[in-house]
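Here is the structure we will look at.
The values are calculated or read from the model by the stated rules, or taken from the named source; none is laboratory data. Just so it is clear, the structure is predicted and the values come from calculations on it, not from any experiment. No Cβ is skipped: glycine too gets one built from the backbone with ideal geometry, and neighbour counts run over all protein chains shown. Only protein heavy atoms, including side chains, enter the accessible area calculation; ligands, DNA and RNA are left aside. Shrake-Rupley method; radii C 1.70, N 1.55, O 1.52, S 1.80 Å.
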Amino acid sequence: MTDMTSDTPHVHGSLLQADARTRKRNAAEARFKIYGIAAIAVGLLMLAILLFNIVSRGTGAFTQTFVTLDVALIEEKLDKNGNRDIEEMKKVSTFGYAPLLKTAMEDMVEKSGMEGQISAGDMADILSKGAPAQLRDYVLANPDKVGQQVAFSFLASSRVDGYMKGRVTRDSIANDKSISTEQLDFVDKLITQGTLKKKFNLSFITGADASDARPEAAGMGVAMLGSFFMMLVVLVLALPIGVAASIYLEEFAPKNWITDIIEVNISNLAAVPSIVFGILGLAVFINYMHLPTSAPLVGGLVLTLMTLPTIIISTRASLKAVPPSIRDAALGVGASKMQSVFHHVLPLAAPGILTGTIIGLAQALGETAPLLLIGMVGFIASNPPDGIASGLLAPNSAMPAQIYEWAKRADPAFYERAWGGIIILLVFLLAMNTIAVILRRRFERRW
């Protein structure tokens, strides 16, 4: 045998010096890292732009323009007999209070030095159409004030409010029949006097929807109550049903083709568009079972059907995450199958179950399409529901449906309120997700 020698000498590279292949791999990793950072930056930029648009367009809904007006509550017009009988005073309609507002506005014009420069009709249009009703409600609640002069803060009209917020300008009112240059001159005079100013609008959070003639009086309060009652129904039904179904499928059900079909269908139901559940609710709960239309109970039932697959999938994942050794140890010391599940596995899976449930509720809170199909589309209500039964069965709206209803109306004031409603909805969603994170960290156990 002869030794085989190579003509090309073998070169040993240094461990401290990267070769061409290593440099190429390191460059690819650096590029991938840059791509990831760029993707995160783009995502954060889009989120920042979205939040900026929502906040900048919606914060105006939380402030409103008010006119301070001294109104003389003339006894001859409001309580002719002078006995302060509420039933007799109720016979004076809102039209009977309009002359009192007109007189108060005339006195204000006289004080502002604009006599003869603005008509009586233009003066009345400065105030909201709901001002006479507000005055009437105050008098009926305080009959002892009749005969006195009382200072009121009335909502200004939507156009005046838009002028205060920069939404309405002198150039934009050329073809606007709802406000005139003379009215804006009067508004400027009232601003100088301090009679007309913007304030925090609590009624936007606590109030009800309003008609197209009174966009400045519209609020989210009643719709928030509708969403609350719907979430109550979803929580009471979806949580026990979803958890019970998950426990059976994961721990007790035999592994055969029947359970395989059930699992596939649950996964498919989680991907079904929400409007399909709305059609199902319309057909079953309203047309077949004859439950009241637009009731939060029906909305809650529809959203329960939609939320169940999400809760079942998240609960099964939480149960599956518990190590098998926990089950084996419980069975090894003599516990039954049910005892091992309910005493050992379920407590360890509770954080994941709570997180999945809250996320499912948050998803249901923001759904609009199924609610539109069952008629929950912005009812005008003046009083909140009285008790749980009334809250579940009385016609109502929900926050996403109310936002949709405002967004499609013509007056820009409703569009502003739609953005404000989105802010309230986002606050609820962020609160629910924060609670989910806190509960998970609070009850999470390590093994």
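A few notes on this one:
- Build a GNM of the chain with springs between Cα atoms under 10 Å apart, and of Asp122, Asp137, Asp171 the one that fluctuates most is Asp171.
- Global geometry of segment 195-257, whether rounded, prolate or oblate, following the gyration tensor of its Cα atoms and the 1.5 cut on a/c: prolate
- From phi via Karplus (6.51, -1.76, 1.60), per-residue ³J(HN,Hα) for segment 399-407 in Hz, x at Gly/Pro: 4, x, 5, 5, 4, 4, 5, 5, 5
- Pairwise alpha-carbon distances in segment 27-95 exceed 14 Å for 78% of all pairs.
- Highest mean packing first, where packing is the average number of other Cβ atoms within 10 Å per residue, the peptides 172-180, 151-159, 93-101, 28-36 line up as 151-159, 93-101, 172-180, 28-36.
- Net charge dipole, the chain: roughly 1520 debye, given to the nearest 20, about the Cα centre with Cβ charges of +1 for Lys and Arg and -1 for Asp and Glu.
- Most mobile listed residue (Trp406, Trp257, Trp419) in the chain, GNM with C-alpha springs under 10 Å: Trp257
- Cβ-based charge dipole, the chain, positive-most Cα from Leu225, Gly43, Gly375: Gly43
- Percent accessible area from carbon and sulfur atoms, segment 63-158, protein chains only, probe 1.4 Å: 48
- Computed with the Debye formula from one identical point scatterer per Cα of segment 136-187, without solvent, the log10 of I(q)/I(0) at q = 0.12, 0.15, 0.20, 0.22 Å⁻¹ comes to -0.44, -0.57, -0.70, -0.76.
- Considering only Leu249, Leu47, Leu319, the Gaussian network model of the chain with Cα springs below 10 Å gives its largest mean-square fluctuation to Leu47.
- Cα-centre dipole for segment 300-433 with unit charges at Cβ (Lys and Arg positive, Asp and Glu negative), debye to 20: 440
- The residue among Ile262, Ile191, Gly207 whose Cα reaches farthest toward the positive pole of the charge dipole of segment 173-266, with charges on the beta-carbon of Lys, Arg, Asp and Glu, is Ile191.
- Anisotropy class of the chain from Cα gyration tensor, a/c 1.5 cut: oblate
- When the Cα convex hull of segment 74-210 is projected onto planes of every orientation, the mean area is 9.5 nm².
- Between Phe62 and Lys145, the modelled labels are 2.8 nm apart [label points 7 Å from Cα along Cα→Cβ].
- Dipole magnitude for segment 165-258: computed about the Cα centre from +1 point charges on Lys and Arg Cβ and -1 point charges on Asp and Glu Cβ, it is near 280 debye.
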